[in-house]
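The values are calculated or read from the model by the stated rules, or taken from the named source; none is laboratory data. Note that this is a predicted model, so its numbers are computed, not measured. Ideal geometry is used to build each Cβ from the backbone, glycine not excepted, and the neighbour counts take in all protein chains shown. In case anyone asks, the SASA skips ligands and DNA or RNA and just uses the protein heavy atoms, side chains included. Shrake-Rupley method; radii C 1.70, N 1.55, O 1.52, S 1.80 Å.
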Amino acid sequence: MTAPLVIAIDGPAASGKGTLARRLAEHFDLPHLDTGLTYRAVAKALLDSGQPLDREALAVDAARRLDLVGLDRDQLSHHEIGEAASKVAVMSAVRRTLVDQQRLFAKNGRGAVLDGRDIGTVVCPDAMAKLFITAAPNERARRRWNEMQLKGEVIDFEAVLADIKRRDKRDMGRADSPLKPARDAHLLDTSQMDIEAAFRAAISLVEKAQSAAHPES
Ligand code: DC
């Protein structure tokens, strides 16, 4: 019996982890969950109903009502929602509620790809393959700024860079489940790589992890 292939992908904002996770899921024919969308959906529910972002009970309520089916990055990609999500994500009770749902998604028996900030450390500590995707803040800001230009959003590069740095600080500095590589994660710095090179490197790391888990096959 081969163990299900669970691939945990973590990394800071705009590191390319989302694109890599999607492509790995396609390549290995596995379901994919972008866990950032779960925090974004909770934040959007609060913003839409005019509720404050710092009331834990309200946020937990929104997290309990979340349906993982139908989470849509296009509807949740707005900059303001990302900012709000990173505030909601500091609350432990919200994290526990969302992590329970994320674990259920991962334990479907067949394997899965999950990406986020705490997948290798908290959500799926037993994942067969763990990747930590990084890139220099300037490079991440440049990618994010290009994406925004393509969508017609006019924003100053310096503002995007400041936002990335602020988000990193909040994600890495929070007490509960801060962003950090799991001890057994493979680091992949994509600063000097295009997406194709990063994808090839990621496939090779996952294949190595598979061989290590099933040395006989
Ligand atoms: O990856 P993203 O920008 O969609 O994530 C939005 C916010 O959610 C981010 O600031 C941190 C938080 N997040 C988290 O705390 N844990 C995760 N597993 C995923 C995202």
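One table, with the values for the structure above:
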item: Hz values of 3J(HN,Hα) by residue in the stretch 161-175 - Karplus curve (6.51, -1.76, 1.60), Gly and Pro given as x; result: 5, 4, 5, 4, 5, 5, 5, 4, 4, 5, 5, 7, x, 6, 6
item: Average accessible surface area per residue within the chain, 1.4 Å rolling probe, Å²; result: 51 Å²
item: For residue 189, distant residues with modelled amide H under 5 Å away; result: 134
item: Amide N proximity, the stretch 163-180 versus residue 83 label position 7 Å along Cα-to-Cβ, cut-off under 15 Å; result: 163-168, 170
item: Portion, in percent, of the accessible area of the chain that falls on carbon or sulfur, probe 1.4 Å; result: 52 percent
item: 30 Å Cα-Cα threshold exceeded, pairs from 169/208; 44/208; 107/151; 130/165; result: 169/208; 44/208; 107/151
item: Alpha-carbon centroid distance for the pair the stretch 134-170 / the stretch 17-58, whole angstrom; result: 19 Å
item: Mean residue ellipticity (222 nm) of the chain, computed from DSSP H runs ≥ 4 via -39,500 (n - 2.57), nearest 500; result: -16500 deg cm²/dmol
item: ³J(HN,Hα), Karplus 6.51/-1.76/1.60, whole Hz, each residue of the stretch 129-143, x for Gly, Pro; result: 10, 10, 10, 10, 9, 10, 6, 4, x, 4, 5, 5, 5, 4, 5
item: For residue 16, distant residues with modelled amide H under 5 Å away; result: none
item: In the stretch 109-206, the trypsin sites (Lys or Arg not before Pro) that fall in loop regions by DSSP, at most 10 other Cβ within 10 Å; result: 151, 183
item: Residue 175 versus residue 203: modelled label distance in nm, points set 7 Å from Cα along the beta carbon direction; result: 4.5 nm
item: Cβ charges +1 (Lys, Arg) and -1 (Asp, Glu), total dipole of the chain, debye; result: 380 debye
